[in-house]
Structures are given as structure tokens and as C-alpha cells.
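Nothing in this text is a laboratory measurement; each read-out follows from the coordinates by a stated rule. Because the structure is predicted, anything quoted here is derived from the model rather than measured. Neighbour counts are summed over all protein chains in view; Cβ atoms, including those assigned to glycine, are modelled from backbone coordinates with ideal geometry.
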Amino acid sequence: MSEEEEMQDKNDTPPKSHSSLNKAHPVLKAFMCGSLSGTCSTLLFQPLDLVKTRLQTLQNSVRPGSPKVGMLRVFVTVVRTEKLLGLWKGVSPSFMRCIPGVGIYFSTFYSLKQHFFELKAPGAFESVLLGAAARCVAGVTMLPFTVIKTRFESGHYKYLSVWGALRSVCETEGPRALYSGLTATLLRDAPFSGIYVMIYSQSKRALPHELSSSGLAPLLNFSCGVFAGILASLVTQPADVVKTHMQVNPTCYSRTRDAVRFIYTEHGVGGFFRGAVPRSLRRTLMAAMAWTVYEQLMARMGLKS
């Protein structure tokens, strides 16, 4: 073989890392794509999650008739008292929850879709079931980190690290506390994901083929995700408020309905929508970005999401 032919052969050989990635199992690829999309969206939108948690937990200390504390005031207060990086308080447990959690969600979603709908696209109701089932698996698996994340963001606990927080909760409250708010979490996450996937998939399907297959596809997918996220966030907001109360103060509520009764008695119906604006912004933008990045990465790997 001549020197030129040897050089050409080397150029045609794909890098080992790329080759090994292509040989990975499709479910593993879905997990990797989901984890990467979760990393990007979590880092970008963590401040909105912190402000949402602070707004919801402020209800316990605000007396009836007191001036309402809004999203902007909480934002300014955090920056003034805890500096700019204070807005990313709780980002460590968020990463530990979202990076594997989003990976588990997308790999479960991909597995279920390939198993049950390999030959046809799922309908609206089937999309609800797919999204809800995948979210239940991820939600239950990562709930201990969700509890720790919520406590970090609330500002009521002085944990120094994620592992230290996990150890402290187990020693002082018992392992069961790491699953506080499980019912409220599933009542929030399963409907959110189900509604989101249904609206997102149906919105994409309604787009003209010329647009969905053009260079505008990522932007259009993101727009469909924003639309789906707004509707899903509003429907599941009350469950999010209940979940936050139970995870920040698990000893105060032995059952989910105890938290519901307290919120309604103290703050009325409006109490269930406290923090709706930052949560809607975060969940909507985070989900839209995660799905857009996930689908683009899956397409590059030659897999249909």
C-alpha cells in the first residue's frame, strides 16, 4: 500500500470514541442525550426554581393582611443578602437530581415508546400515558435528591453538602423523610409530563412537513415546548405548592391532605398558586430546552426520538 493510500485509510477510519458511541445501546444513547439536556437546562434556570421555593415557603411566616411578597422582591432580597451566586443555591442537589433524573426519564420514555409504538406514532391519550409513566419512574427514583434540593433552596436548613444533608436527614428524621411529599410529587410530575408530551407531540404533528424538516425545526420544537409547558405548569401548580410544604416541614404534615387543609385555611385558593410565575417560567423553558436538545442529539445519533 502506498503512503497516500495509508493516509487516506487513516482519514476514513472514524475515531474510536465516536465509533464506540455509535455501538452503544439505543437506551443508553437516550440516557446520555437526556442527561446532557438536563445539565444545560438545570444550570440555566436554577434561579427561577430557588425564587419559586422561597415564595412558597414564605407563606408560613406571612401574616394575613401583610403586603404580598412578589417574585421580583424575593429575587432582589436573595441577591442583596446572599450575593448573586445565592440564586444558584441548591444547584448541587439539582444536578444530582436532574442529570441522572432527566436521563432516566428520556431513556424510560424511549424504551416504552419503542416497545409499544414501534410501528405507529402514539395518539394523544397514549402520549399522556407515556409521559406520565416515564416521569413516575424518574420521580420515585430521584425523590431523595428532590427533598434535599427543596430544603437547600428554602433557606431554612444549613446543610454544607448534599451527602451531609442526606446523612443528617437519615439520622435525625429517619430515611422515610427522604420520601416526604411522594404523593404530591407524583400528582404534580405525572400529569405535568403527560400533558406536556401530549400537547408537545400534537403541536409538532400539526406543523407543515416543509417547516418541521427545515433548519427552523429546533426553533419550532422549542416554541411547541413553551406552549405545552405553560398549560401543563398551570394545571399542576397546586400539587407543587403542597409538595414544597411537605418536604420543607415533613413533621408538620403526616398526610398530603393535612398540607392541603393548612394551605387552604391559611391562604385560601390563591395559596395553591403561590410561586406560579417563576415555576411556570422555569418548568416551561427547562422542558422546552431539554426536549429540543434531546431530539437534536438523538437525530445526530441516527435514532428516532
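Between Phe227 and His115, the simple spin-label model (points 7 angstrom out along Cα→Cβ) gives 3.2 nm.
For the pair Val269 and Ser254, label points projected 7 Å from Cα toward Cβ lie 3.1 nm apart. By the count of neighbouring beta-carbon atoms within 10 Å, fewest first, Phe192, Phe125 end up ordered Phe125, Phe192. Spatial offset of region 112-129 relative to region 161-201 amounts to 26 Å, using the alpha carbon center of each. Within the shell defined by Cβ-Cβ distances under 15 Å, the residues around Leu36 carry a net charge of +1, with Lys and Arg each +1 and Asp and Glu each -1.
For log10 I(q)/I(0) by the Debye sum over Cα atoms at q = 0.06, 0.09, 0.14 Å⁻¹, the candidate list reads (1) -0.21, -0.47, -1.14; (2) -0.41, -0.65, -0.91; (3) -0.23, -0.49, -1.06; the entry that matches the value derived from this model is (3). Number of Lys-Lys pairs in region 26-300 with C-alpha atoms under 20 Å apart and a separation of 8 or more places or on different chains: 16.
According to the calculation over all Cα-Cα pairs in region 207-303, the P(r) per 10 Å bin from zero is 15, 33, 23, 16, 11, 2 %. Label sites at Tyr179 and Ala299, each approximated as a point 7 angstrom past Cα along Cα to Cβ, lie 4.1 nm apart. Given R0 = 25 Å, the distance between the Cβ atoms of Glu82 and Ser161 translates into a calculated FRET efficiency of 0.90. Between 0 and 90 degrees, the angle of helix 182-206 with respect to the longest Cα principal axis of the chain falls at about 40 degrees.
Using only helices, what value at 222 nm comes out for the chain when you add -39,500 (n - 2.57) per DSSP H run of length 4 or more and divide by the total residues, to the nearest 500 deg cm²/dmol? Counting only the DSSP helices, I get -25500 deg cm²/dmol.
Evaluated with a Cβ-only charge set (Lys, Arg +1; Asp, Glu -1), the chain carries a dipole of roughly 1540 debye about its Cα centre, given to the nearest 20. Treating r as the C-beta distance of Ala206 and Val140 and R0 as 35 Å, the FRET efficiency rounds to 0.60.
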